[in-house]
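**Q** The structure that follows is given in the form of structure tokens.
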Amino acid sequence: MINIKASIGILTGILFLASVAAVDQADAQNRNKNVENRPGMAQERYERYQDSTRASQRGMFQPRESRLVFQLDDLTEQQLEKINELNDKHRMQVLELRAQFRDDEINREEFQSKRRALYNQHQEALETVLTKAQWEELRKMRAERRRSARGPRGG
């Protein structure tokens, strides 16, 4: 009888410690969320994303090799450097814009409008880095990706 009571006591202690650890982990995650939502944290967010290998929503932080522009065969080293600079600049601008939206400094319409403008600026800058043939090839690759993403039509 004593062994059963001791076993129950040990099991109860283990369950208690596990629940304390789970609550502590949840508190740590909530503290991190609060830090991420403070204004001016775009650089730190960017550094975390840069270290991360996971892709974010809508492919903004896809690994380099999965982006279509890097699948062009004839990119020079200078083009690669410039594209990386453009992408880094664009990424920082969008992260800052997201922070402004999260902090209620801008509304959804302003966010969408400014994000579209940033995207258009980025595309214009990218077009100046690529040759006309590379730009046309990229446009074809994008169109093909959109077609394949839609899937077969009809029924």
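The values are calculated or read from the model by the stated rules, or taken from the named source; none is laboratory data. Remember, predicted model here, so these are calculated numbers, not experimental data. Because the Cβ atoms are built from the backbone with ideal geometry, glycine has one as well, and the counts that use them run over all protein chains shown. Surface areas here come from the heavy atoms of the whole protein model, side chains and all, with no ligands, DNA or RNA. Shrake-Rupley method; radii C 1.70, N 1.55, O 1.52, S 1.80 Å.
**Q** Going by what's in this entry, would R116 be described as open to solvent by 100 Å² or more (accessible area, probe 1.4 Å), within 27 Å of E81 (Cβ to Cβ) and either of a type in the set (S, T, Y) or assigned to a helix (DSSP H, G or I) (or both)?
**A** It is true that R116 is open to solvent by 100 Å² or more (accessible area, probe 1.4 Å), within 27 Å of E81 (Cβ to Cβ) and either of a type in the set (S, T, Y) or assigned to a helix (DSSP H, G or I) (or both).
**Q** Quick check, is K132 in contact with a helix residue (DSSP H, G or I) (Cβ under 7 Å, 6 or more places away or on another chain) and open to solvent by 70 Å² or more (accessible area, probe 1.4 Å)?
**A** No, not satisfied.
**Q** Let me ask something additional. Out of all the residues in region 73-87, is one or more open to solvent by 70 Å² or more (accessible area, probe 1.4 Å) and at pLDDT below 55?
**A** No, region 73-87 has no match at all.
**Q** Given the criterion at pLDDT below 65 and among the charged types (D, E, K, R), identify the matching residue among R108, R67, R31.
**A** Step by step, each of R108, R67, R31 is checked, and only R31 is at pLDDT below 65 and among the charged types (D, E, K, R).
**Q** Take F101 and tell me if it is farther than 27 Å from A143 by Cβ and either touching a Pro at 6+ places or on another chain (Cβ under 6 Å) or in a helix (DSSP H, G or I) (or both).
**A** In short, yes.
**Q** All but one of (1) of a type outside the set (K, R); (2) out of contact with any helix residue (DSSP H, G or I) (no Cβ under 9 Å at 6 or more places or on another chain); (3) not in a helix (DSSP H, G or I) hold for L75; which doesn't?
**A** (2)
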